[in-house]
Each structure stands twice: as C-alpha cells, then as structure tokens.
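In what follows, a single structure is set out as structure tokens and then discussed.
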Amino acid sequence: MNACCTVPIKEIAANQHKPDGECCLIEQTRAPAKANCPVSKTSSRKINRRTLEHLLKPDSVNKIQNVQHYYCDDPTCDVVYFSEQALPYFTKDDLTVKVFHKDTDDDVNVCYCFDWTRGRIKAEIRSTGQSTASLEIAQQVRDQKCTCDITNPKGRCCLGDVNGVVKEVKQQLNL
Ligand SMILES: [Zn+2]
C-alpha cells in the first residue's frame, strides 16, 4: 500500500505526506543522486526514464540513452533533462507540455494529473478568496489516482508547487 494512504488528507494537502512529495517512487540506480546541469550548472535530482518517455516528443524519445537522467529546475535554464554524458540533453522545446518551473504563463499546469493550471487557481481565488486545489489533489493522492511520476515533468508530487502558487496569488490579491 502506498504510504500516503495512512496520512490525513490535510497533511497530504500541505505536502507533509513525504518531504517534497517523494511519494512517487524514484528508481534506485548506482548513478549519483544529484548531477549538475551542463548549461546552468544547477544541482539536479534523478528522474525516471519513463517520465522522459511519457513527456518527450516522439523525435526526442528516440534519442533517450540508457543512462540515468536528471531534471534541471532552474527557471532561467532551457534544459529540462540531461545525463552525465554531455549529449544529448533535452530542452523545453523537446517536451509535449509546458514545464511549470520554466514557464510563468497562466496556461501552464501546476498539477498535471488533475489539470490545475496557474490560471485556474487564480480564477478560483479571485472569485471565492480560497483555493480547493490542494485538498482536491490530496484526496486523489489518497485514492491513488495521481500519476505525477509520468505526467509531471519533475516526476514527483505537485502539492508543494500548488501551495506555493496559492500563497503567491493570495499575496498579490492581499488576501
Ligand atoms: Zn539547467
């Protein structure tokens, strides 16, 4: 059973079920836990191969090598996935979705499993003063319906990002 299932919904919603949403399994390989992005030098965490297979455009999927890949979350860097071999690395243009950490538009998903975009979160807060996003997502996590490991470019739970956006929007609106 997924460890998230024993945690109260409110704690899941606050992203306290596992530190930084690590409910999504990360493959154990001998590769180092972190590696530096070849462009921005950002220290980056491992990402599962199946996340790349799910999110890269078909031409790019064919270029995935049989090595450990890492996810660069630097907002100013175009690289999304890379390995310790210099090439190939994959940039924003190689993905079929916009990457939350690297694109600030309203149509960008914060939660990729249940389609919460920045715009949807903003619209709800503007009209009700609150966001139901994290509680709704927490319920889905509890029901084991979340598939962050393949739908979210960072390959893990979105709740930290959702809570961050909610906080940011409330501050902008002085709520
Ligand atoms: Zn980078």
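The values are calculated or read from the model by the stated rules, or taken from the named source; none is laboratory data. All values derive from a computational prediction rather than experimental measurement. Methodologically, a virtual Cβ is constructed for each residue, glycine included, from the backbone with ideal geometry; neighbour enumeration extends over all protein chains shown. These accessible areas exclude ligands, DNA and RNA; they are computed on the full protein's heavy atoms, side chains included. Shrake-Rupley method; radii C 1.70, N 1.55, O 1.52, S 1.80 Å.
Filter the range 50-67 down to the residues that are of a type outside the set (Lys, Arg) and closer than 16 Å to Ala86 by Cα, then identify the one that is most open to solvent (accessible area, probe 1.4 Å). Before the answer, list the steps.
Step one: list which residues in the range 50-67 are of a type outside the set (Lys, Arg), which gives 51-56, 58-62, 64-67.
This time we only want the ones that are closer than 16 Å to Ala86 by Cα, so: 60, 64-67.
Numbers: Ser60: 6, Ile64: 18, Gln65: 74, Asn66: 146, Val67: 49 Å².
It comes out as Asn66.
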Just one listed residue, out of Arg156, Arg126, Arg142, is crowded, with 21+ Cβ neighbours inside 10 Å and charged (D, E, K, R), and it is Arg156
Quick one: in the range 104-119, which of the residues that are surrounded by 15 or more Cβ atoms within 10 Å (Cβ to Cβ) and free of Cβ contacts under 8 Å to residues at least 12 places away in the same chain is farthest from Asn48 (Cα to Cα)? Thr117
What are the pairs, 6+ residues apart or on separate chains, where a residue within the range 24-43 that is under 15 Å from Arg156 (Cα atoms) has its Cβ under 7 Å from a residue that is modelled with pLDDT under 70 and away from the ligand (no atom under 13 Å from the Cβ)? none
Pick from Glu124, Glu136: which is in a helix (DSSP H, G or I), in contact with a helix residue (DSSP H, G or I) (Cβ under 9 Å, 6 or more places away or on another chain) and in contact (Cβ under 8 Å) with a residue 12 or more places away in the chain? Glu136
Tell me which residues, restricted to the range 96-115, are more than 13 Å from the ligand (Cβ to nearest atom) and assigned to a helix (DSSP H, G or I). Phe100
Among Asp149, Asp93, which is the only one that is part of a helix (DSSP H, G or I), within 21 Å of Arg50 (Cα to Cα), away from the ligand (no atom under 16 Å from the Cβ) and not β-branched (Val, Ile, Thr)? Asp149
Determine which single condition Ile47 fails, assuming it passes every other condition in (1) within 16 Å of the ligand (Cβ to nearest atom); (2) open to solvent by less than 70 Å² (accessible area, probe 1.4 Å); (3) farther than 15 Å from Asp149 by Cβ. (3)
Starting from residues that are touching a helix residue (DSSP H, G or I) at 6+ places or on another chain (Cβ under 7 Å) and aromatic (Phe, Trp, Tyr), keep the ones in the range 80-103 and report whichever is most open to solvent (accessible area, probe 1.4 Å). Phe100
Restricting attention to the range 69-85, does a residue exist that is over 12 Å from Gly155 (Cα atoms) and away from the ligand (no atom under 16 Å from the Cβ)? no
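For the range 70-79: of the residues being out of contact with any helix residue (DSSP H, G or I) (no Cβ under 6 Å at 6 or more places or on another chain) and of a type outside the set (S, T, N, Q), which is surrounded by the fewest Cβ atoms within 10 Å (Cβ to Cβ)? Outline the logic, then answer.
Keep residues of the range 70-79 that are out of contact with any helix residue (DSSP H, G or I) (no Cβ under 6 Å at 6 or more places or on another chain), which gives 70-72, 74, 76-77, 79.
Those left that are additionally of a type outside the set (S, T, N, Q): 70-72, 74, 77, 79.
Values: Tyr70: 25, Tyr71: 24, Cys72: 30, Asp74: 16, Cys77: 20, Val79: 21.
Top of the filtered list is Asp74.
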